Amino acid sequence: MSLDVYAADEQSDHPVAVDRWAALARSVLEAEGVVGDTEVSLLFVDGATIASLNQRFLGTAGPTDVLSFPIEDEVDRGGRSPDEGGTGPASIEVDTERRLLLGDVVICPAVAAVNAVDHGVTFDDEIALLVVHGILHLLGMDHVADDEAERMELREQQLLGRYYRVAS
């Protein structure tokens, strides 16, 4: 049994250390109780690519920093929709004979670089936050309501403190 995070840097504006971010994603998944044969993709893309995904799946024009595409285990649902919360792995019965494809996290380093300046943090700090944020979305967390946002932000900070800030 394995927990695999496949990471790829498909842009050249702000090169990223894919192995470092894949390791962070794997640590977050393990901390959140994801076990068994599970696969997640972590993709770093340019502004045009994420803007296209943002328009196609959310109906919002322009680039964004991160999109999460949970892969649902429901037969009647087609396609993948980002940021819908998903059911998360705890509610999915995992067939031990097959691999659980949890979903994809797509991050735009160009937007992250601008956000880092706006937030007064380093580029790496912003990327780390986006990795954790995207993984939590795959696991069913959301930030639509204020109480959900507070819970998600608290968990992000806990995970960053445990798996990112200690290693930085």
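The values are calculated or read from the model by the stated rules, or taken from the named source; none is laboratory data. Computed from a predicted model, the values in this text were never measured in an experiment. Virtual Cβ from ideal backbone geometry, glycine too; neighbours counted across all protein chains shown.
Summary table
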item: Condition check for residue 114: more than 16 Å from the chain's Cα centre (by Cα), among the β-branched types (Val, Ile, Thr), over 20 Å from residue 27 (Cα atoms) and at pLDDT 90 or above; result: yes
item: Breaking point among (1) modelled with pLDDT of 95 or more; (2) of a type in the set (Gly, Ala, Ser); (3) part of a helix (DSSP H, G or I), for residue 68; result: (3)
item: Every residue from the stretch 50-65 that is within 16 Å of the chain's Cα centre (by Cα), at pLDDT 95 or above and part of a helix (DSSP H, G or I); result: 50, 53, 54
item: Pairs, first in contact (Cβ under 8 Å) with a residue 12 or more places away in the chain in the stretch 39-50, second part of a loop (DSSP other than H, G, I, E, B) and hydroxyl-bearing (Ser, Thr, Tyr), C-beta under 9 Å, six or more apart; result: 39/2; 46/12; 50/64
item: Restricting the stretch 35-57 to residues that are surrounded by 17 or more Cβ atoms within 10 Å (Cβ to Cβ) and in contact with a Leu (Cβ under 6 Å, 6 or more places away or on another chain), the residue that is nearest to residue 108 (Cα to Cα); result: 53
item: Search result, residues across the stretch 1-15 that are in a loop (DSSP other than H, G, I, E, B) and in contact with a Pro (Cβ under 9 Å, 6 or more places away or on another chain); result: 11, 13, 14, 15
